[in-house]
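A short worksheet on the structure shown next.
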């Protein structure tokens, strides 16, 4: 049972282990820079939505960094698929597509959670006080799952590395900057507000921020995250099936 | 899908495979059978449809029309069962270079549901068979081309498939390594009794290894049989006449007949035994570019 899930996860974690140090080190730098530049220097004495800016920023860095890591499996899948052709080894095995998707998604979640822990360490070092609501754990699991599933979808649809890079530039980066990670989306001009409320990151950032800063959690936002997760799980499955056409 | 009417013991029955990519037809009705223990070669120039055929037979690509039956069971409706009896060695050695030989094989044992207590033993056996025992815990990126090929082949054999697909197994290897690999592949067929379908565009390779050859050209099988029979069919001996602008070939069933005909020419001529390449050329009018 679950041979496919276990196999895929075994492969991804074994490969990850060979470059864990480099990867963790590389992924730890950019949130630190954001913290120093915006949280520490620029944000000193600034308060947003009634919170010190650095407290406002930490949950945003968590969603940004874990998104980068979870969605980032797309890049690895691309290499696996186009360059090493290891993905064929999954497709030839007597395992289901669902297991392949869940195995890859679990790996994406693992990476996302690892970077989340890292941000908590930073929060501790910078003396940022957080108030944990148990909803946080649900929200971060859904958040990392949905972006891992989105990563799988994109990696399976694109035909080469170049297209993959383009999706990152035109979809992922703007989403990260506009979806309330660094400033409240309510400050955006109307047109952009419409746009960001169509993006899943807006909701996961709102819920995760509320669950860490003692804010009120909007159940509508939580259900929207669940819906996005279900949607991207479905698209990932569809995209993996499509590879065999 | 209808069920195959063939008896269950036919390991693989391929009926009228058609594959369309857009409007282009890569395969135009390919049919053949593999019996248990067969060594079948699929020979043809690049782009003839060899890899497409193998991809369909292993489930990497969907067919447009036709049927594939493993031991009488329809592949498209029972892919899980079929995938347990087949093994696949793709054209590129799709190993994880950063992982060790052991880890690469271990992944395969998980994916194919080999019970945990048996895994280590099977992997050690496989490494022994491939002559890679000392390299068990080395990263694959340190391996030579020949070692990688052997590792991919024993990996495909870990779940003891009854049919093994080898897609251009010796492409890009040195002549010496190619020869040792040939011996290795023959050992798989003879010692393990695994039926093999090998695609190649090296005529020598098909001639050396395969009990039966299918010649495929432009998506169609144009000849089928043991290499010797195919050669006999066109004559067995060839007279090459070196004209100013081209070489003309005439085929004869005996050396004597060929020598008799030779006397009628003033040009320089050569009599030699027919090769599989002559068969291919006669049938297709295309030279296989090596």
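Annotations
- Considering only beta bridges that DSSP places wholly inside the protein assembly as shown, some 65 percent are antiparallel.
- Fully extending the segment from residue B:78 to residue B:253 would add 58.2 nm, taking 0.36 nm per residue of separation and subtracting the current Cα-Cα distance.
- Largest GNM mean-square fluctuation among B:46, B:217, B:13, using chain B with Cα springs under 10 Å: B:46.
- Under a Gaussian network description of chain A, with springs only between Cα atoms under 10 Å, the residue in A:191, A:217, A:157 that fluctuates furthest is A:191.
- Principal-axis tilt of helix B:116-129 within chain B, Cα atoms, nearest 10 degrees: 30
- Label-point separation, residue A:33 to residue B:246 (7 Å along Cα→Cβ), nm: 6.7
- Residue of A:235, A:116, A:163 that the Gaussian network model of chain A assigns the largest fluctuation, springs spanning Cα pairs under 10 Å: A:163
- All-pairs Cα distance distribution in the protein assembly as shown, expressed in whole percent, bin size 20 Å: 19, 41, 26, 11, 3, 0
- Antiparallel beta bridges, as assigned by DSSP with both residues in chain B, represent about 65 percent of the total such bridges.
- Within 10 Å of each Cβ in B:71-82, the average number of Cβ atoms from other chains: 1
- Extending 7 Å from the Cα toward the beta-carbon at both residue B:46 and residue B:20 defines two label points whose distance is 2.8 nm.
- Packing-based exposure ordering (other Cβ within 10 Å, fewest first) of A:181, A:205, A:213: A:213, A:181, A:205
- Size descriptor, Kirkwood hydrodynamic radius, that averages inverse alpha-carbon separations across segment B:230-284, Å: 11.3
- Pairwise FRET efficiency - residue A:227 versus residue A:186, Cβ, R0 = 22 Å, nearest 0.05: 0.50
- Using alpha carbons only: equivalent-ellipsoid semi-axes of chain B, gyration tensor based, whole Å: 38, 24, 16
- With the convex hull constructed from alpha-carbon coordinates only, chain A shows a mean projected area of 13.7 nm² over all directions.
- Tilt relative to chain A, helix A:97-125 - C-alpha long axis, 0 to 90 degrees, to 10: 30
- Mean separation of Cα pairs under 8 Å and 6 or more residues apart, divided by the residue count, gives chain B a relative contact order of 22 percent.
- Pairwise FRET efficiency - residue B:9 versus residue B:64, Cβ, R0 = 22 Å, nearest 0.05: 0.20
- Here A:125, B:166 are placed in order of increasing Cβ neighbour count within 10 Å, fewest first, which gives A:125, B:166.
- Cα long-axis angle, helix A:3-18 against chain A (0 to 90 degrees, to the nearest 10): 60
- Which of A:147, A:82 has the fewest Cβ neighbours within 10 Å, and the rest in rising order: A:82, A:147
- Cβ neighbours within 10 Å from other chains - mean over B:98-107: 4
- Label sites at residue B:180 and residue B:275, each approximated as a point 7 angstrom past Cα along Cα to Cβ, lie 2.5 nm apart.
- Added length on full extension, which subtracts the Cα-Cα distance from 0.36 nm per residue, residue A:137 to residue A:216: 26.9 nm
- Exercise: per-residue mean of other protein chain Cβ atoms within 10 Å, A:88-100: 6
- For segment B:31-69, backbone nitrogen atoms closer than 17 Å to the point 7 Å from residue B:192 Cα along Cα-to-C-beta are found at B:36-40, B:58.
Just so you know, all these numbers are worked out from the coordinates, no wet-lab data involved. Values in this document were obtained by computation on a predicted structure and should not be read as measured data. Positions of Cβ are backbone-derived with ideal geometry, glycine not excepted, and every protein chain shown enters the neighbour counts.
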